[in-house]
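Visitor: Before anything else, here's the structure in question.
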There are 2 protein chains.
Amino acid sequence: MTKIEIDSDGSPFPKPIVLLGSIVDGRPNFFTVAWFNRMSRTPNIWGACVGKKRYTLKGIRENKTFSVNFPNAGLVKETDYCGIRSGMNVDKSQLFDVFYGELNTAPMIRECPVTAECTLYNLVDVSSHYLILGEVKHLYSEEKYMTDGELDQKKLNLLIFTKPATQYWTLGDVVADAYSIGKELDR
Amino acid sequence: MTKIEIDSDGSPFPKPIVLLGSIVDGRPNFFTVAWFNRMSRTPNIWGACVGKKRYTLKGIRENKTFSVNFPNAGLVKETDYCGIRSGMNVDKSQLFDVFYGELNTAPMIRECPVTAECTLYNLVDVSSHYLILGEVKHLYSEEKYMTDGELDQKKLNLLIFTKPATQYWTLGDVVADAYSIGKELDR
């Protein structure tokens, strides 16, 4: 196990991928983000990092709301498109069947198996990017993605993003149950 | 596609999983975190969210350094153990073959295919959790995880954590190349 130093500018690990939704200049816009995760348990706060000049930021700042949409493998083209084309130049409002929940300014994507409505909790300056912190107010899915009343990752089939080869992947196999297998190391 | 509201307290998406390493009370300690991702491009900043009473925080605050270690499927037991057992109660310093790089207080795990040395960039209060922001100073891996000089996710075989079923998974198959397939939707 001879360690070698590699490019310290990378981030060679699998990342969840989401489409952030907001109303910008009067119409729904969606932007793809892979620098995303949960940030707090109570309340349930999720964070997404975006470049400081992103079009999506305008809508989130104005409305103080946004949506988080989790695309599955069937939406890989649309997911990539929303990452490489800015709402400044193209109209993405017709790309999806858009629906709304309780908040009126968080456009959600009906084709996505899981979607969330968030209110803006805070905007944190992290050097080249802003970390958008959102409090999850409502989560939506469908019966067909569940097994025994619980969301089933195999049925959701969500996309995962990787580096250094920039690719979208699906989940593979379960290795072990968490909060369980580690007990075998108790002495 | 009839949408139903589900438990808004969840976070039903795949997450990268890492072992944060720090020197606490004079010995290496490792703590498992799934709320983790990149946060800035320039400099390369990564963020990890941890509960405010975590033992690991003590070492990170004292030394202003920490490591990020990416476990593969073969380390699933150790990964789970480091999440369910606190360094307050057990000594985790003998669990791995520990090595050091340029920073002297960021203990890294030799068994992990990718490891990073970070300096503390900022500590952000996010309600129930702290977001530890670290600037990546050095990244390490091994030749055997590379193909044509680049890290290969299939060879790395890193663990991914899911909810609501709390499980560790591997990556599955490549669906498409990013920054590419979306161009098919250009009009």
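Each row is one residue, and each column tells you yes or no for (1) in a helix (DSSP H, G or I); (2) charged (D, E, K, R).
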| position | (1), (2) |
| --- | --- |
| A:131 | no, no |
| A:134 | no, no |
| A:137 | no, yes |
| A:154 | yes, yes |
| A:161 | no, no |
| A:165 | no, no |
| A:170 | no, no |
| A:173 | no, yes |
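Visitor: If you check A:87, A:47, which single one turns out to be touching a residue at least 24 places away in the same chain (Cβ under 8 Å) and touching a Phe, Trp or Tyr at 6+ places or on another chain (Cβ under 6 Å)?
Guide: Unique residue meeting the criteria: A:87.
Visitor: Of the residues A:95, A:57, only one is buried (at least 20 other Cβ atoms within 10 Å of the Cβ) and closer than 15 Å to residue A:133 by Cα; which?
Guide: Of the residues listed, the single one that is buried (at least 20 other Cβ atoms within 10 Å of the Cβ) and closer than 15 Å to residue A:133 by Cα is A:57.
Visitor: Looking only at segment A:165-181, count every residue that is without any contact (Cβ under 8 Å) to a residue 60 or more places away in the chain, within 25 Å of residue B:38 (Cα to Cα) and not hydroxyl-bearing (Ser, Thr, Tyr) and tell me the total.
Guide: Total satisfying the criteria: 8.
Visitor: Do we find that residue A:117 is acidic (Asp, Glu), modelled with pLDDT of 95 or more and open to solvent by 20 Å² or more (accessible area, probe 1.4 Å) in this structure?
Guide: Against the criterion (acidic (Asp, Glu), modelled with pLDDT of 95 or more and open to solvent by 20 Å² or more (accessible area, probe 1.4 Å)), residue A:117 does not qualify.
Visitor: When the residues of segment B:1-12 are filtered to those that are at pLDDT 95 or above and in contact with a helix residue (DSSP H, G or I) (Cβ under 8 Å, 6 or more places away or on another chain), which remaining residue is surrounded by the most Cβ atoms within 10 Å (Cβ to Cβ)?
Guide: B:12
Visitor: Yes or no: segment B:24-37 includes at least one residue that is touching a His at 6+ places or on another chain (Cβ under 9 Å) and crowded, with 23+ Cβ neighbours inside 10 Å.
Guide: yes
Visitor: Restricting to segment A:139-164, and then to whatever is free of Cβ contacts under 8 Å to residues at least 60 places away in the same chain, at the interface with chain B (Cβ under 7 Å from one of its Cβ atoms) and open to solvent by less than 40 Å² (accessible area, probe 1.4 Å), can you tell me which residue is nearest to residue B:80 (Cα to Cα)?
Guide: Filtering first and then ranking leaves A:153.
Visitor: Also, I was wondering about something else. Looking at segment A:1-115, what strands (runs of 3 or more DSSP E) fall wholly within it and have at least 3 residues that are away from chain B (no Cβ under 11 Å), touching a Ser or Thr at 6+ places or on another chain (Cβ under 9 Å) and within 24 Å of residue B:180 (Cβ to Cβ)?
Guide: In segment A:1-115, A:18-24, A:27-33 are the strands (runs of 3 or more DSSP E) which contain 3 or more residues that are away from chain B (no Cβ under 11 Å), touching a Ser or Thr at 6+ places or on another chain (Cβ under 9 Å) and within 24 Å of residue B:180 (Cβ to Cβ).
Visitor: Could you please find all residues in segment B:119-138 being within 30 Å of residue A:135 (Cβ to Cβ) and either facing chain A (nearest Cβ under 7 Å) or touching a His at 6+ places or on another chain (Cβ under 9 Å) (or both)?
Guide: B:124, B:126, B:127, B:128, B:129, B:131, B:133, B:136
The values are calculated or read from the model by the stated rules, or taken from the named source; none is laboratory data. Being a predicted model, the structure only gives us computed values, none of them experimental. So basically every Cβ, Gly included, is an ideal-geometry build from the backbone, and we count neighbours across all protein chains shown. Accessible surface areas use protein heavy atoms only, side chains included; no ligands, DNA or RNA. Shrake-Rupley method; radii C 1.70, N 1.55, O 1.52, S 1.80 Å.
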